[in-house]
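Quick notes on the structure that follows.
The values are calculated or read from the model by the stated rules, or taken from the named source; none is laboratory data. Keep in mind the model is a prediction, meaning the values are calculated, not measured. Counting neighbours? That spans all protein chains shown, and the Cβs are built from the backbone with ideal geometry, glycine included. We work out accessible area using only protein heavy atoms, side chains counted, and drop any ligands, DNA or RNA first. Shrake-Rupley method; radii C 1.70, N 1.55, O 1.52, S 1.80 Å.
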Amino acid sequence: KAISLVTCETTVGLLHIVVHPSWAPLGAERFLQMVETKYFSSKVALMRCVKGFLCQFGIAGIPQYNKSYNGRKHSLQDDKNWLPEGPTHRTNELGVKRFSKGYLAYAGGGKNSRSNQFIVALKDNERLGGGSPWEVPWGEVVGKESFTTLDKIYTGYGEKGPPQGRLSREGSSDSIQKEFPRLDYILGCTLVDSR
């Protein structure tokens, strides 16, 4: 299957993402569908960004956009994990950690639970992708500009960013923006190339 290059504009810079269908065909396809339908143009909050760990995002800034992804009937089946699993594979013989900085996967809560929420690793991580089937990477951030953007994402709210339920109800509302003024957002994503 063809790989695709997607560029996402954020409030702190551009993220260039290579989408690898061979890594996770179902996960890659859903992300590309979301790009095609301009889902990310709804001002998607980078809502749970933990310094030195990960950033979670994906709840639409316009609440009705979430409806196509909510509930078990809209969840994706898990793709086969291509990363080595278990604690003995957290790093390889060269010291490389399993889930590299810039890898993208779905945020899930159990088997076949992937919906419209994603994670991106803010640094190399040995625990992610090691047995949680929804954490199979489907893409990776590429290029110096993208890694500079990753490093600029505000992580000061950590686990205390806007609650997911509230974001689902309100989207990127004025009250969310007033209460969390330093929160960063994805403003839109565009398919640049596919080969």
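Data table
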read-out	value
Those residues of the stretch 1-26 which are open to solvent by less than 50 Å² (accessible area, probe 1.4 Å) and either among the aliphatic types (A, V, I, L, M) or more than 24 Å from K152 (Cβ to Cβ) (or both), in sequence order	A2, S4, V6, V12, L15, I17, V18, V19, H20, P21, W23, A24
Wholly enclosed strands (runs of 3 or more DSSP E) of the stretch 80-195 bearing at least 3 residues open to solvent by 50 Å² or more (accessible area, probe 1.4 Å) and modelled with pLDDT of 95 or more	185-194
Residue in the stretch 153-171 that is within 13 Å of F57 (Cα to Cα), in contact (Cβ under 8 Å) with a residue 12 or more places away in the chain and within 14 Å of the chain's Cα centre (by Cα) present	yes
Single residue of the stretch 51-72 satisfying the filter (touching a strand residue (DSSP E or B) at 6+ places or on another chain (Cβ under 8 Å) and part of a loop (DSSP other than H, G, I, E, B)) that is surrounded by the fewest Cβ atoms within 10 Å (Cβ to Cβ)	F53
